[in-house]
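Q: Below are the structure tokens for one structure; questions will follow.
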């Protein structure tokens, strides 16, 4: 039997699951898993969308938190990363041909896996690039998704060696001359003291250990095409007319010390996002669900208070931490 998910000593795979691959509209086989709650009556299913370069294994801890609340979790590795197939010969380059492919993959996942094999109602939890995908697809998801929680949505760039404007110009120029497959820079081995993702060293090292144990899950620098397609999507989803068209009740969990996506961009989104509410997590870095307990607990409390099916204890917790 083909192994689909990978465990490490400090990151075991949650039990009570179904795992496999589903086929996209253009013939790619994307890796997915559905994790079931132990409770007799499920409160619904959370569709979990990852950020760039992430994989299912990185969310095992969060998946356990959600299933403990009576929710099922359905998730998949985005095309070109994790345990899903790469799109170009150089496997370590993060690539996408069209941003719309991300949206079509989500639609296919809902149709082929979530609708027939999980429990209603359906919610969406999306991080970074996954949250950008959710924002882009949201106007067409209102008949299927009840509520959305968006964590540090990818709405801009900071913390890079070049400014966002320069990165936009270079990526667009490379795509225009047929060099969209070139990587933008090189990925260095990440060390905890220099990372912009989390202030929790234990979770940081746990995630590094997953990739070291299973290097096929790793991903390097994004290509010019990936960046250009994402920048076009950012411009589109932040237009007032697009935000006005989203009717799914939403919460944007925004880490105030995000070193990758400017907090100001997430704050600016909320001005026109009529269906969305901004929930700042003061002091947290970009990967809020990989953060220290004090920040991660605040994010989970906000999620539990917003998603129906949570108990009264979760609501009291939100009040106590001032979210």
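FYI, it's all coordinate maths here, none of it is from the lab. The model shown is predicted, which means the values in this text are computed figures rather than measured ones.
Q: Roughly what % of Cα-Cα distances in the range 253-314 sit above 19 Å, to the whole percent? Present the calculation step by step, with values, prior to reporting the outcome.
A: Working: 676 of 1891 pairs.
Roughly 36 percent, once rounded to a whole number.
Q: Now for a separate question. Give, in nm to one decimal, the length gained when the segment between residue 17 and residue 277 is fully stretched (0.36 nm per residue of separation minus the Cα-Cα distance). All intermediate terms of the calculation are to be shown ahead of the outcome.
A: Values: separation 260, 0.36 × 260 = 93.60 nm, distance 3.23 nm.
Net length gain for the segment: 90.4 nm.
Q: Let me ask something else about it. Can you tell me the relative contact order of the range 17-321? Whole percent, Cα pairs under 8 Å, sequence separation 6 or more. Provide the component values of the computation, followed by the final result.
A: Working: 584 pairs, mean separation 57.1, N = 305.
With pairs under 8 Å counted, the relative contact order is 19 percent.
Q: For the range 34-110, what is the convex hull volume of its Cα atoms per residue in Å³?
A: Working: hull volume 6.5 nm³, N = 77.
About 85 Å³ per residue, rounded to a whole number.
Q: Take the Cα atoms of the range 174-291, build their convex hull, and give its volume per residue in Å³.
A: Values: hull volume 16.2 nm³, N = 118.
Output value, Cα hull per residue: 137 Å³.
Q: On to the next question. Whole Å is fine, so just give me how far the alpha carbon centre of the range 37-81 lies from that of the range 143-198.
A: 24
Q: Using only alpha-carbon positions, what ratio does the radius of gyration of the range 17-321 give when scaled by 2.2 N^0.38 Å? Walk me through the numbers before you get to the answer.
A: Numbers: Rg = 18.2 Å, N = 305, 2.2 N^0.38 = 19.3 Å.
Dividing the Cα radius of gyration by 2.2 N^0.38 Å gives 0.94.
Q: Can you show me the helix-derived [θ] at 222 nm for the chain, built from DSSP H runs with n ≥ 4 at -39,500 (n - 2.57) apiece and divided by the number of residues, rounded to the nearest 500. List each step's numbers first, then the result.
A: Details: 10 runs with 108 residues, N = 323.
That comes out to -10000 deg cm²/dmol.
Q: Taking only Cα atoms and a 10 Å spring cutoff, compute GNM fluctuations for the chain and point out the largest among 58, 112, 186.
A: Judging by the Gaussian network model, the answer is 186.
Q: Of 200, 26, 65, which has the largest mean-square fluctuation in a 10 Å C-alpha GNM of the chain?
A: 26
Q: Take the chain, connect every pair of alpha-carbon atoms lying under 10 Å apart with a spring to form a Gaussian network, then pick out the residue of 148, 227, 187 with the largest mean-square fluctuation.
A: Comparing 148, 227, 187 in a Gaussian network model of the chain, the most mobile one is 187.
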